[in-house]
Amino acid sequence: MIFEDIKANREQPIALLFGTDWWTDCDDAAALALLLKAHKCSLIDLKAVGVSSVMRYSAASVKAVCEEQGLGHIPIGLNKSAERKGLFCLYQKKLAARCGSGFTNADCPEAYKLYRRVLSSLPGKAVLVDVGFPTILAELLASGPDEYSGLTGGQLVASKASEIVVMGGRWDKKAGREYNFCAYKRNREAAAYLCERCPVPLTFLGYEAGKSVITGGKTVPGLTGTAYAAHFSPKGRPSWDPMTALYAIVGDAGNAGYRRVYGAASVDPKTGKNSFAVCDGGTHSYLVKEKEDRFYKEQIDELLRTK
């Protein structure tokens, strides 16, 4: 199994913070499942989960998935200014019904504050992974000193993050458009801010990479399979989020089946369109698949179906 191969070459777990919109698509549930299983295998140390689009059952449904893996202690933060009142997710209520702790949105801190607390307490560095809207990362970078650290958000990320990994953008077009960056004014502005202000290497897995890799489905065990079934995706979904999570777990583009294109990414804060200026010394990069789709599909499905 791929986890065993990684573990043989890893001296200690990678500290990791995970952001997700946890909103309408079920591939977020698959990404979280992969990270929780990697945590249990001591490949990563999942320090926090941040939710960037908040509905009634957001916290309880995330908590239920963590509890299912025996990891209910992992802290959850919410981007509370992004509450989506009146919107309904097809799977959140079903997952929340399995939450055994009575956990609610009111029990969660503000996500960027949770990130500040976790990062400031780390002895080393962490990888920040986000498969949802980039608002938590932008708020973290824009934050000022607080009770957790005398550093600004940019300074704290520079000192405590080794890489930021984002599912977002479309990089096979000159001016691509992708939902995580284009949906809502605040997301467009956050994506632009992230590209402008990120002080560490910034890696993107774009729409074009995941759209044709279909993974998951109702046959996946546990609450992840429940999420796919409730989403009316019994045969699976494109793998944008689980591919991003698996890349972060592997920690190396080549070993994960990608090559990097280096340069400088930018996002138009008014339209959400992304652009990329290729240059060898760039601190931004996007991932290009080097393998056939079945390579990624087989790895993800194998891990998702492992209890």
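In table form, for the structure just shown:
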| read-out | value |
| --- | --- |
| Enumeration of residues in segment 162-208 that are among the acidic types (Asp, Glu) and part of a strand (DSSP E or B) | 163 |
| Residue selected from segment 263-279 under the condition touching a His at 6+ places or on another chain (Cβ under 8 Å) and aliphatic (A, V, I, L, M), by the criterion nearest to residue 166 (Cα to Cα) | 265 |
| Selection count where residues are closer than 16 Å to residue 303 by Cβ and in contact with a strand residue (DSSP E or B) (Cβ under 8 Å, 6 or more places away or on another chain), scope segment 27-57 | 12 |
| Criterion violated by residue 38 - all others in (1) over 18 Å from the mean Cα position of the chain (by Cα); (2) closer than 24 Å to residue 161 by Cα; (3) of a type in the set (Gly, Ala, Ser) satisfied | (1) |
| Filtered residue count, segment 258-282, keeping only those that are of a type outside the set (A, V, I, L, M, F, W, C), within 25 Å of residue 6 (Cβ to Cβ) and surrounded by fewer than 19 Cβ atoms within 10 Å (Cβ to Cβ) | 3 |
| Counted residues, segment 71-87 - those being surrounded by fewer than 17 Cβ atoms within 10 Å (Cβ to Cβ), in a helix (DSSP H, G or I) and touching a strand residue (DSSP E or B) at 6+ places or on another chain (Cβ under 8 Å) | 1 |
| Filtered residue count, segment 108-166, keeping only those that are in contact with a Pro (Cβ under 7 Å, 6 or more places away or on another chain), touching a residue at least 40 places away in the same chain (Cβ under 8 Å) and surrounded by fewer than 22 Cβ atoms within 10 Å (Cβ to Cβ) | 3 |
| In segment 229-255, the residues that are assigned to a helix (DSSP H, G or I) and buried (at least 23 other Cβ atoms within 10 Å of the Cβ) | 240, 241, 242, 243, 244, 245, 246, 247, 248, 249 |
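Conditions (1) on the phi > 0 side of the Ramachandran plot; (2) buried (at least 21 other Cβ atoms within 10 Å of the Cβ); (3) not small (Gly, Ala, Ser), marked per residue:
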| residue | (1), (2), (3) |
| --- | --- |
| 2 | no, no, yes |
| 11 | no, no, yes |
| 18 | no, yes, yes |
| 27 | no, yes, yes |
| 30 | no, yes, no |
| 40 | no, no, yes |
| 43 | no, yes, yes |
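Table: residues versus (1) basic (Lys, Arg); (2) free of Cβ contacts under 8 Å to residues at least 60 places away in the same chain; (3) in a loop (DSSP other than H, G, I, E, B).
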| site | (1), (2), (3) |
| --- | --- |
| 34 | no, no, no |
| 42 | no, yes, yes |
| 46 | no, yes, no |
| 50 | no, no, no |
| 56 | yes, yes, yes |
| 59 | no, yes, no |
| 62 | no, yes, no |
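All of the numbers you see were taken from the coordinates with simple rules; none came from a lab. It should be emphasised that the depicted structure is a prediction, and the values quoted were computed from it without experimental measurement. Cβ: placed from backbone, ideal geometry, glycine included. Neighbour counts: every protein chain shown.
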